[in-house]
Amino acid sequence: MDQNAISKPGEANPGEADGRLVRRVLKGDRKAFDELVVNYQRSAVAVSYRLLGNLNDASEVVQDSFLKAFRSLDTLQKPEAFGGWLMRIVSNLSLNFRRARKVRQQLPLDDMFGATDDSQGGSEWMSKNADPEHTLESREMGAKLQWALQQLPEKQRLAIVMFTIEEMPQKQVAEALECSVEAVKWHVFQGRKKLREMLKDVI
């Protein structure tokens, strides 16, 4: 598998708009922070949900994350990096939440491996347009996928969740994980490789 296959050409960079909003907030404009919340609430909840498997818990964590972000905004050295910084807060609080409680995981199936790789036996069972007759089987496989995700090292799991599932820009994922874009590619590549190995009997 070519590592470059996970790249997503033409990724947009929302940094400049975020930077302007952050600077407005720091000058006392509370409405600017409301705009940041609107811009990132869906992706923040989605990332937290993937890690917790419970929408109510994810919503609670995201509320705490936005509150923490607002209170700590003056510590953000690069206003343009708000998105990645926020997702780092969301992922850290989600992981802390999960460690503190036993959370029932309800992670739905997603195309974890990108395009089907025939040499690996394919991943047709994870297609969003899968034949309805395979629904029950897919649910069972989804439980196995869920288990496999939890076996990955933390950064590989987060990279898979943010980049592959939520389709966040690589730069933003790199900021969230505090690593380079190349490191994000490596984490995703290694994560996919390990998932395939753990799930070789079902894909």
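Look at (1) outside the structural domain of residue 44 (by TED's automatic domain parsing); (2) among the aromatic types (Phe, Trp, Tyr); (3) at pLDDT 80 or above and you find that residue 125 fails only one, number (3).
Each row is one residue, and each column tells you yes or no for (1) in the same structural domain as residue 153 (by TED's automatic domain parsing); (2) within 28 Å of residue 181 (Cβ to Cβ); (3) modelled with pLDDT of 95 or more.
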{"position": "44", "(1), (2), (3)": "no, yes, no"}
{"position": "51", "(1), (2), (3)": "no, yes, no"}
{"position": "55", "(1), (2), (3)": "no, no, no"}
{"position": "59", "(1), (2), (3)": "no, no, no"}
{"position": "66", "(1), (2), (3)": "no, yes, yes"}
{"position": "75", "(1), (2), (3)": "no, yes, no"}
{"position": "78", "(1), (2), (3)": "no, yes, no"}
{"position": "87", "(1), (2), (3)": "no, yes, no"}
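Residue-wise test of (1) over 15 Å from residue 49 (Cα atoms); (2) at pLDDT below 85; (3) surrounded by fewer than 21 Cβ atoms within 10 Å (Cβ to Cβ); (4) charged (D, E, K, R).
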{"residue": "105", "(1), (2), (3), (4)": "no, yes, yes, no"}
{"residue": "108", "(1), (2), (3), (4)": "no, yes, yes, no"}
{"residue": "138", "(1), (2), (3), (4)": "yes, yes, yes, no"}
{"residue": "149", "(1), (2), (3), (4)": "no, yes, no, no"}
{"residue": "158", "(1), (2), (3), (4)": "no, no, no, no"}
{"residue": "184", "(1), (2), (3), (4)": "yes, no, no, no"}
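Being farther than 19 Å from residue 93 by Cβ and assigned to a helix (DSSP H, G or I) is the filter; apply it to the stretch 161-183 and report the residue that is nearest to the chain's Cα centre (by Cα). The residue in question is 163.
The values are calculated or read from the model by the stated rules, or taken from the named source; none is laboratory data. None of the values given here were measured: they were computed from a predicted structure. FYI the Cβ positions are ideal-geometry reconstructions off the backbone, even for glycines, and counts take in every protein chain you see.
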